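The values are calculated or read from the model by the stated rules, or taken from the named source; none is laboratory data. All values reported here derive from a predicted model rather than from experimental measurement. Glycine also receives a Cβ, built like all others from the backbone with ideal geometry; neighbour counts cover every protein chain displayed.
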Amino acid sequence: MNARRALLLPSALALGYAFLYLPIVSLIVFSFNASRLVTVWDAAHSPTLRWYVELLHNDQILSAARLSLGIATLNATAAVILGTAAGFALARFGRFRGRGLLSALTTAPLVMPEIITGLSLLLLFISMQQLLGWPARRGAATITLAHISFSVSYVAIVVQARLAGFDHSLEEAALDLGARPAQVFRRITLPLIAPALLSGWLLSFTLSWDDVVISQFVAGPGSSTLPMVIFSKVRLGVSPDVNALATLLITLVAAGVVGSTLWLQRREQRRGSEMRQAVTEE
């Protein structure tokens, strides 16, 4: 019985990883395919970098990638600022007037269907244009605002969870030693919640980079993001350079994940060594 269980667990784990990662591996392999058919391997020719070269000359994809990169960066930065403020208020200010409304507004985008969110934002921008004359046209600005509206919720939840297990004695000790609240936040609180802020920034960046549904509602002519361009190519027929693009994106994401993981590990090790050194000195 124990031998059967010992065999079942690795098998289930292997099947799970295969289900998740075999499609990604096949996509990477087919990015080096010499054939114009993305699902048929050309055995008559050796693997090629032709589609990577063509990708570098595809102005439509490159401009969409630049637009998506700019929107995702602005969205992640604004979401971290606003989400940190919301999470800090919910975690630290106790009961206050409007807390229930703030909590509901923070969590609503997490459970709201994207099609409802996109439609409501489209109607909002149209009404603002009629009443205020802004935005004059839908484009990068409306996409960025739409992405911020749902990314803030994720950052607020992450920051609130981090502050829930926060050691308040460190802040109290700094206040007792004469530090001002702003100094305590900048030198004590902010460094300790930095991993949560980094996680929220990366999550917001990924959500914005990956969004299709909401972007299609609030985008205008000439403001197609990279997911929108890829989605349109899927409907009309995927070209092999899309496989090359996806491979590059997978490589960048993997490098970012590995880099952030190593940074967090080194930060934790440095904190541990500093704490051990402080205990030794005492």
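Mind listing just one residue for me: the one in region 257-282 that is among the basic types (Lys, Arg) and within 26 Å of the chain's Cα centre (by Cα) and, of those, modelled with the lowest pLDDT?
First, the residues of region 257-282 that are among the basic types (Lys, Arg): 266-267, 270-271, 276.
Applying the additional criterion that residues be within 26 Å of the chain's Cα centre (by Cα) yields 266-267.
On the way: ARG266: 86, ARG267: 78.
Here the answer is ARG267.
Surrounded by 12 or more Cβ atoms within 10 Å (Cβ to Cβ) and not in a helix (DSSP H, G or I) - does that describe any residue in region 156-167?
Step one: of region 156-167, the residues surrounded by 12 or more Cβ atoms within 10 Å (Cβ to Cβ) are 156-163, 166.
This time we only want the ones that are not in a helix (DSSP H, G or I), so: 166.
Yes, some residue in region 156-167 is surrounded by 12 or more Cβ atoms within 10 Å (Cβ to Cβ) and not in a helix (DSSP H, G or I).
Output the residues belonging to region 197-217 that are farther than 18 Å from ARG66 by Cα and either at pLDDT 90 or above or among the basic types (Lys, Arg) (or both). Working first, answer last.
To start, the set of residues in region 197-217 that are farther than 18 Å from ARG66 by Cα comprises 197-201, 203, 213-214, 217.
If the condition is that a residue be farther than 18 Å from ARG66 by Cα and either at pLDDT 90 or above or among the basic types (Lys, Arg) (or both), then LEU197, GLY200, TRP201, LEU203, VAL213, ILE214, PHE217 are the ones that fit.
Kindly list the number of the only condition in (1) at negative phi; (2) touching a residue at least 12 places away in the same chain (Cβ under 8 Å) that fails for GLY222.
Failed condition: (1).
Among all residue pairs at least 6 apart or on different chains, which show Cβ distances below 8 Å where the first residue, located in region 119-130, is free of Cβ contacts under 8 Å to residues at least 24 places away in the same chain and the second is in a helix (DSSP H, G or I) and not basic (Lys, Arg)?
Short answer, once both residue conditions are applied: none.
Which of the numbered conditions does SER46 fail, given that it passes all the others? Conditions: (1) surrounded by 12 or more Cβ atoms within 10 Å (Cβ to Cβ); (2) among the hydroxyl-bearing types (Ser, Thr, Tyr); (3) touching a residue at least 12 places away in the same chain (Cβ under 8 Å).
That leaves (1) as the condition not met.
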